[in-house]
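Working notes for the structure below.
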């Protein structure tokens with residue numbers, strides 16, 4: 001949840017906590033709600049203020065209702081399969097482990113930092129790499145894409161939407 005969402009939830013809960021306290025106080029006879037209602041509705045200015053407060057509380061309630069009905073995305077998981085028996089998900093860390101194992105098969109890659117995101121078409125992968133300068137960049141990138149796609153589909157059962165390769169730096173073989 002965003003910080004704005006947390007703030008709205010906090011204010012919303014404070015308002016209802018106050019209303020709950022007033023209700024308990026009125027039922028125990030500690031205060032007479034009719035006196036307060038009459039003082040609030042006694043002047044035009046107080047009615048306007050009460051109307052604005054009512055609109056704000058209604059707006060907060062509507063926001064909370066909309067946010068509660070939104071489906072929560074699985075930010076740290078990727079959907080593998082969904083069927084009658086249920087769904088199978090894989091953590092992003094597990095997907096990265098499959099990628100790291102696959103990249104070991106490609107000669108010339110010195111370091112790799114994968115980024116994984118889920119999309120409706122499948123998994124999107126971005127590979128930040130450091131490679132050996134002796135290797136051909138387009139050939140190495142194609143090899144990386146092919147090996148990673150094959151392993152993600154075969155081992156993970158994932159549908160791959162795209163694989164982007166970003167060469168961040170060249171590292172000599174001796175380093």
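Checking every residue in segment 48-57 against the condition of being in contact with a helix residue (DSSP H, G or I) (Cβ under 8 Å, 6 or more places away or on another chain), at pLDDT 85 or above and under 26 Å from residue 167 (Cα atoms) gives zero matches.
Among the residues making up segment 41-75, those that are surrounded by 10 or more Cβ atoms within 10 Å (Cβ to Cβ) and not in a helix (DSSP H, G or I) are 42, 43, 74.
Which residues, counting only those in segment 112-131, are farther than 14 Å from residue 166 by Cα and surrounded by 15 or more Cβ atoms within 10 Å (Cβ to Cβ)? Break it down stepwise before answering.
So the first thing to find is which residues in segment 112-131 are farther than 14 Å from residue 166 by Cα, and the list is 117-123.
118, 122, 123, listed by residue number.
Check whether at least one residue in segment 72-88 is modelled with pLDDT of 85 or more, touching a strand residue (DSSP E or B) at 6+ places or on another chain (Cβ under 8 Å) and in the same structural domain as residue 143 (by TED's automatic domain parsing), and report yes or no.
Just the residues of segment 72-88 that are modelled with pLDDT of 85 or more, to begin with: none.
No: zero hits.
One residue stands out among those in segment 141-160 that are touching a strand residue (DSSP E or B) at 6+ places or on another chain (Cβ under 6 Å) and farther than 18 Å from residue 94 by Cβ: the one that is surrounded by the most Cβ atoms within 10 Å (Cβ to Cβ), which is 144.
The values are calculated or read from the model by the stated rules, or taken from the named source; none is laboratory data. On a predicted model such as this, the values are computed, not experimentally measured, just so you know. Here Cβ is always computed from backbone atoms with ideal geometry, including for glycine, and neighbour counts include all displayed protein chains.
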